[in-house]
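> Would you mind keeping the following structure in view while I ask a few things?
The values are calculated or read from the model by the stated rules, or taken from the named source; none is laboratory data. Owing to the predicted nature of the structure, the values given are computational and were not obtained by experimental measurement. Positions of Cβ are generated from backbone atoms using ideal geometry, with glycine treated the same way; all protein chains shown enter the neighbour counts. The area values use the complete protein model at the heavy-atom level, side chains included, leaving out ligands, DNA and RNA. Shrake-Rupley method; radii C 1.70, N 1.55, O 1.52, S 1.80 Å.
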Amino acid sequence: MLRLIATIRKEWLLLLRDKAGLALLFVMPVVLITVMAVIQDAPFKDYQEIKFDILTVDNDHGRLGRHIREGLGGTGQFNVIDTLQGAPLTEAQAQELIADGTYKICITIPKGATGEIVSNANKIVNDISKRMGIPAQLPVKAIASDSLAVQLYFDPAAKKAFKSAIRQALDNFLTQVQTDLLLERIQMQLRSRDSSVHDTFPTIRLKAVGLQETMIGKGKQIDVISNSVQHNVPAWSIFAMFFIVIPIAGNMIREREDGSLVRLKLIPGNYLSILAGKLLFFVGICVVQFYLMILVGLFGMPLLGLPKLQLGVDHLAGFITAVSIGITATAYGILIGTLFKTPNQALNFGAISIVILSAIGGIWIPLEVMPEKIQLIGRCSPLSWGLDAINDVYLRNGNIRLILPDIIRLLACGLLMLGIAARVEQRRIS
Amino acid sequence: MNSIEVKDLHKTYAGALVPSLQGLSFAFPEGSIVGLLGPNGAGKTTTISILCGLVKADSGTVKIFDLPQDAARREAVKRIIGIVPQQIALFPQLTAMENLTYFGNLYGFKGASLKQKITNYLEAFGLEKAAHKEVRKFSGGMKRRTNIIAAILHDPQLLVLDEPTAGVDVQSRSMILQFLREYNRQGKSVLYTSHLLEEAQQICEDIVIIDEGKLIIQGRPEDMIRQHADCRNLEEVFLLYTGHAVRD
């Protein structure tokens, strides 16, 4: 125990004297998560929070155009623009504004669209009435137009998902208007047949079953994944924790170069107890780093106008995850410190490998949006296991049982790396 | 009892074309102060590394105070041997006191008794005023002296020093040599390597000259000089046996 405590004390003193190392471990990660959370705030914001400008050219001046304009405006996600400098927007002006990238989307409602829908609804009602023995009364256009369509113009730079969302919303409005008009016509026909119940005739209601959104989990967190703080603070905290490989590997190589490692090995007692002291110290540093960044997420981010970090309900599970990530990161540092002969080699390999592991492990962008093959590789990254476990705790209100597979993976990986380092060291002696 | 007994030691490092040790054998009795001399690449550092268990010999045996240097007894050997490596095996960012306290803790010493022991050694080596100064700010001589203190905190029966006076000023060298004589006078054995043959002649009772991994000659320095009428000092004896060709 004395050897363990003495080693922890020694590492603490060495860290205190290394001002650059202290900055690397504590100041840089705080700056990193703050910068990343701020610059990724907009892309992470809900579509509900962002308002898109939509140009509308209403050549119909009927019910369809009104319904689309009101429907889009009512979602709160769109600013419907139908005039330019006080005058109604024309199709040519709209096309020009889309082409030069000023606006992303334009919807043109063709002339006679509402009339076409009404005529179609009348035709259906007349057909049904005729089959029921009721004389057809509603007016129908002699020749139906085949080429009438609501026209959409998109900026070529618009994202596929954005186009798809707009198309889906418009399709919904079109269906709704057509259904409403059809039901209205049916009602009208029924009323005209039975004039005695004219005032008390019930309104036909089509939507019998609706949609309700309920989140799964112990707490009441709703949609926290879709903000920048909730992704960036844990993700970049894990990234920063893994950067501990740089001071650890540097520390180990320096000990080997200046001969102090030789002295440590010449002292009676198991060298593993000294290594365990080093491991404990750096795992402790990792955990302190993690919670420092969590504090920034809790108190610093709101000061910058960003959302507050949500921590889930099982804080012990969060702590276990932080310790497990710390053990794996420290073991990786010890492995690099053992494998490489110079600090330069270790620094370059360590830094680049962490950037790669973090990129494929979902730290930069969520793993789910990556190509399938990269996802498969990414799921082998210890940073991905760490992030999964953190998300389980913070977003899904998970407990220890839920994060256990990721914790086992992290610890097994750490043990494997320590085993390889021990084997390499053993071979070096023999 | 012999403090060191080396028999038919062989060692070839992986990838090396030439063996470092080729059947090296020597022994010297408990309580003696011995110089292990040889030109560059003679096998001195390999021999010391095998003596203290840092490197495994391909074949041959090593006994320290009759204890075989093998895996089973390595810990016991470590307790009776103190090594002063050629490098300054200290943490440069720590003070002398912090370094020595850490190494003392690793040997199992702690508290006031350890502090007293360190203070006594620092005074003996003229470092008491620099106790709380970072080692990286020390002069070469101060580093060498602190390096020696770190090796004797556990009062080893055998002290092995690899070029302890390399790169130090005359005053520091004198202090180190004086300490070695004093330590030996307490009944402790000392084995040391050096390229300074005059220094070795001055303090060693016994000299072992090795070259190309083999024993060339072993004996008292004055006897060696006497045996060769044309040699006036140990350096001339050394050159007689190892030649004048420059070694790298």
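> Out of curiosity, is A:T108 touching a helix residue (DSSP H, G or I) at 6+ places or on another chain (Cβ under 9 Å), among the polar types (S, T, N, Q) and either on the phi > 0 side of the Ramachandran plot or not in a helix (DSSP H, G or I) (or both)? Show your work before the answer.
Values: touching a helix residue (DSSP H, G or I) at 6+ places or on another chain (Cβ under 9 Å): yes; among the polar types (S, T, N, Q): yes; either on the phi > 0 side of the Ramachandran plot or not in a helix (DSSP H, G or I) (or both): yes.
Yes; evaluated as a whole, the condition is true for this residue.
> Is segment A:390-412 home to any residue that is of a type in the set (S, T, N, Q) and buried (at least 21 other Cβ atoms within 10 Å of the Cβ)?
Restricting attention to segment A:390-412, the residues satisfying the condition of being of a type in the set (S, T, N, Q) are A:391, A:397, A:399.
Applying the additional criterion that residues be buried (at least 21 other Cβ atoms within 10 Å of the Cβ) yields A:391, A:397.
There is at least one residue in segment A:390-412 that is of a type in the set (S, T, N, Q) and buried (at least 21 other Cβ atoms within 10 Å of the Cβ).
> Failed condition for B:G141, given (1) open to solvent by 10 Å² or more (accessible area, probe 1.4 Å); (2) in a helix (DSSP H, G or I); (3) more than 14 Å from chain A (Cβ to nearest Cβ); (4) of a type in the set (G, A, S), with all others met?
Failed condition: (1).
> Confirm whether B:L21 is in contact with a Leu (Cβ under 9 Å, 6 or more places away or on another chain), more than 12 Å from chain A (Cβ to nearest Cβ) and farther than 29 Å from B:G187 by Cα. Step through it out loud before you land on a result.
On the way: in contact with a Leu (Cβ under 9 Å, 6 or more places away or on another chain): yes; more than 12 Å from chain A (Cβ to nearest Cβ): yes; farther than 29 Å from B:G187 by Cα: yes.
Considered against the rule, which asks whether it is in contact with a Leu (Cβ under 9 Å, 6 or more places away or on another chain), more than 12 Å from chain A (Cβ to nearest Cβ) and farther than 29 Å from B:G187 by Cα, B:L21 comes out as yes.
> Further, regarding this structure: How many residues are closer than 24 Å to A:M36 by Cβ and buried (at least 22 other Cβ atoms within 10 Å of the Cβ) if we restrict to segment A:307-341?
13
> Among the residues that make up segment A:355-369, is at least one of them farther than 26 Å from A:G21 by Cα and surrounded by 22 or more Cβ atoms within 10 Å (Cβ to Cβ)? It would help to see each step written out before you state the result.
First pass over segment A:355-369, keeping only residues farther than 26 Å from A:G21 by Cα: A:360, A:362, A:365-369.
Of the ones still in play, those that are also surrounded by 22 or more Cβ atoms within 10 Å (Cβ to Cβ) are A:362.
Within segment A:355-369 (the criterion being farther than 26 Å from A:G21 by Cα and surrounded by 22 or more Cβ atoms within 10 Å (Cβ to Cβ)), the answer is yes, since at least one residue qualifies.
> Scanning for something touching a residue at least 60 places away in the same chain (Cβ under 8 Å), assigned by TED's automatic domain parsing to the domain that holds A:E257 and farther than 21 Å from A:F281 by Cβ, does segment A:366-377 turn up at least one residue? Before the answer, list the steps.
So the first thing to find is which residues in segment A:366-377 are touching a residue at least 60 places away in the same chain (Cβ under 8 Å), and the list is A:366.
Add one more test, that the residue is assigned by TED's automatic domain parsing to the domain that holds A:E257, and what stays is A:366.
Applying the additional criterion that residues be farther than 21 Å from A:F281 by Cβ yields A:366.
For segment A:366-377, residues touching a residue at least 60 places away in the same chain (Cβ under 8 Å), assigned by TED's automatic domain parsing to the domain that holds A:E257 and farther than 21 Å from A:F281 by Cβ: present.
> Here is a follow-up. State the number of residues belonging to segment A:271-306 that are open to solvent by 30 Å² or more (accessible area, probe 1.4 Å), hydrophobic (A, V, I, L, M, F, W, C) and within 14 Å of chain B (Cβ to nearest Cβ).
So the answer is 3.
> I'd like the residue in segment A:3-22 that is closer than 18 Å to A:Y291 by Cβ and modelled with pLDDT under 90 and, out of all such residues, is nearest to the other protein chains (Cβ to nearest Cβ). Give the derivation first.
The initial filter retains those residues of segment A:3-22 that are closer than 18 Å to A:Y291 by Cβ, namely A:12, A:15, A:22.
Retained after the next criterion (residues that are modelled with pLDDT under 90): A:15, A:22.
Numbers: A:L15: 9, A:L22: 12 Å.
Looking at the filtered set, the residue picked out is A:L15.
> For A:T56, indicate whether it is among the hydroxyl-bearing types (S, T, Y) and farther than 20 Å from A:Q178 by Cβ.
no
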